[in-house]
Amino acid sequence: MKLAAIFIHPIKSCAGIALPRAQLQRRGLEHDRRWMVVDENGRFLTQRTLPQMALVRTLLEGRGLRVEHDAQAPLELPFSHADGARIEIEVWSHHGPAVRHDEGSAWFTRVLGRPAQLVCMPDEIVRPVLSETALPGDQVSFADGFPLLIASSSSLADLNQRSNFRSDVRRFRPNLVIDGALPWAEDGWRRLRVGDLVIRVTTPCARCSVPGLDPDSAAATPEPLRTLARFRRRDHQVYFGMNAVPDDAGVLAVGDSVELLE
C-alpha cells in the first residue's frame, strides 16, 4: 500500500487543496480546518445547508492563505489569528472559544448572503476529541470529530463500478487517500504506519449530504449516496472512509509506503 494523495481544507467546508507533502501534527495536518465560518450565534456553517461554500477556494501563499470566490475580491488571511475578539462557537457537541476575524467575517457575509463570522483556532486553543475511542491528549481542529479522515482508492473504485457514476474522491473530503488495499479493507484497520509515522484508525466515518455535492459546481446529485446506501448502511447511517488520530508527528509525502500494523 502507498499514500496516493494528501488533502487539507484550511477553512472548514470550503474547497480543499491537494498537496505533495504535509506536516502531520497532533490535531491533524498543518493548516487543516484551522478556520471556520459560523453564524451570528457561533454555530458552524457548512455545505450541508450552504452548498455554495464549496465554491470558496483556498491557496497557500507564503505566510498565509488566499481565499477566492468569483463574486468577490480575494481575501488574504494569516495561517493563524490570535488577536481578535474571542467568541463561543459550536461544532456538533463541542462548545468552546475561537478568535473572530473581522475582515473575513464581512467577506463571508457578502459571499454567503447571510450573517457570518470567520473564526480561527490558534495553537493555544485546544479542542479535545470527544469520542469513547479517544485517548487522553487527543485533539482536533474544526473537523467534525477527528483529526484525520482516511479514504481508500480501491473502495472508491468499487463504489464507482457499482453505480456507473464517477465520484471524485474530493466529494468525501479526506485528508489521506491510500492506494493498494482491497476494497473496504479499511473497515478492519486499527493502526497504520504511513512513511515513518503511526496513525491510529478509530471509527468508520458516517456520511452526511456533502458527498452528493459536485465539488466544482456545488450542484446536488443523488449519487454517490444512493449507491452507498444499498450496501454501506447500518444503524441508519451510510459509511465511507475511516476517522483516525495521529500517534506521531512529522512529514507525510505522496508515495510514502503504508503498512498495516494492526
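Things worth noting here:
- Checking each residue in segment 222-257 for being among the hydrophobic types (A, V, I, L, M, F, W, C) and more than 15 Å from Leu24 (Cα to Cα) picks out Leu225, Leu228, Ala229, Phe231, Val238, Phe240, Met242.
- Residue match in segment 253-260 (condition: touching a residue at least 60 places away in the same chain (Cβ under 8 Å), under 24 Å from Thr133 (Cβ atoms) and loosely packed, with under 13 Cβ neighbours inside 10 Å): yes
- With respect to (1) surrounded by 15 or more Cβ atoms within 10 Å (Cβ to Cβ); (2) in contact (Cβ under 8 Å) with a residue 60 or more places away in the chain, the lone exception for Arg114 is condition (1).
- Every condition in (1) modelled with pLDDT of 95 or more; (2) more than 29 Å from Ala71 (Cα to Cα); (3) surrounded by fewer than 18 Cβ atoms within 10 Å (Cβ to Cβ); (4) of a type outside the set (Phe, Trp, Tyr) is met by Thr109 except one, and the failing one is (2).
- If the condition is being more than 18 Å from Gln139 (Cα to Cα) and either at pLDDT below 95 or not aliphatic (A, V, I, L, M) (or both), then segment 89-106 contributes Arg100, His101, Asp102, Glu103, Gly104, Ser105.
- Filtered residue count, segment 51-79, keeping only those that are of a type outside the set (Lys, Arg) and out of contact with any Gly (no Cβ under 9 Å at 6 or more places or on another chain): 18
- Residues that are touching a helix residue (DSSP H, G or I) at 6+ places or on another chain (Cβ under 8 Å) and either closer than 26 Å to Gly137 by Cβ or of a type in the set (Phe, Trp, Tyr) (or both), drawn from segment 209-262: Phe231, Tyr239, Phe240, Gly241, Met242
- Close pairs (6 angstrom Cβ cut-off, 6 or more residues apart or separate chains): at negative phi in segment 166-180, assigned to a helix (DSSP H, G or I) anywhere: Arg166/Asn160; Ser167/Asn160; Val169/Leu156; Arg171/Pro211; Phe172/Pro211; Val177/Ser153; Val177/Val169; Asp179/Ser153
- With a requirement of 1 or more residues that are free of Cβ contacts under 8 Å to residues at least 60 places away in the same chain and among the polar types (S, T, N, Q), the strands (runs of 3 or more DSSP E) lying completely within segment 1-64 that satisfy it span 57-61.
- So Arg63, is it modelled with pLDDT under 95 and either surrounded by fewer than 21 Cβ atoms within 10 Å (Cβ to Cβ) or aliphatic (A, V, I, L, M) (or both): yes
- The strands (runs of 3 or more DSSP E) located wholly in segment 98-192 that include 2 or more residues which are closer than 25 Å to Met1 by Cβ and not hydroxyl-bearing (Ser, Thr, Tyr) occupy 148-152, 176-179.
- Those residues of segment 171-212 which are over 19 Å from Gly250 (Cβ atoms), among the basic types (Lys, Arg) and surrounded by 19 or more Cβ atoms within 10 Å (Cβ to Cβ), in sequence order: Arg171, Arg173, Arg207
The values are calculated or read from the model by the stated rules, or taken from the named source; none is laboratory data. Values in this document were obtained by computation on a predicted structure and should not be read as measured data. Positions of Cβ are backbone-derived with ideal geometry, glycine not excepted, and every protein chain shown enters the neighbour counts.
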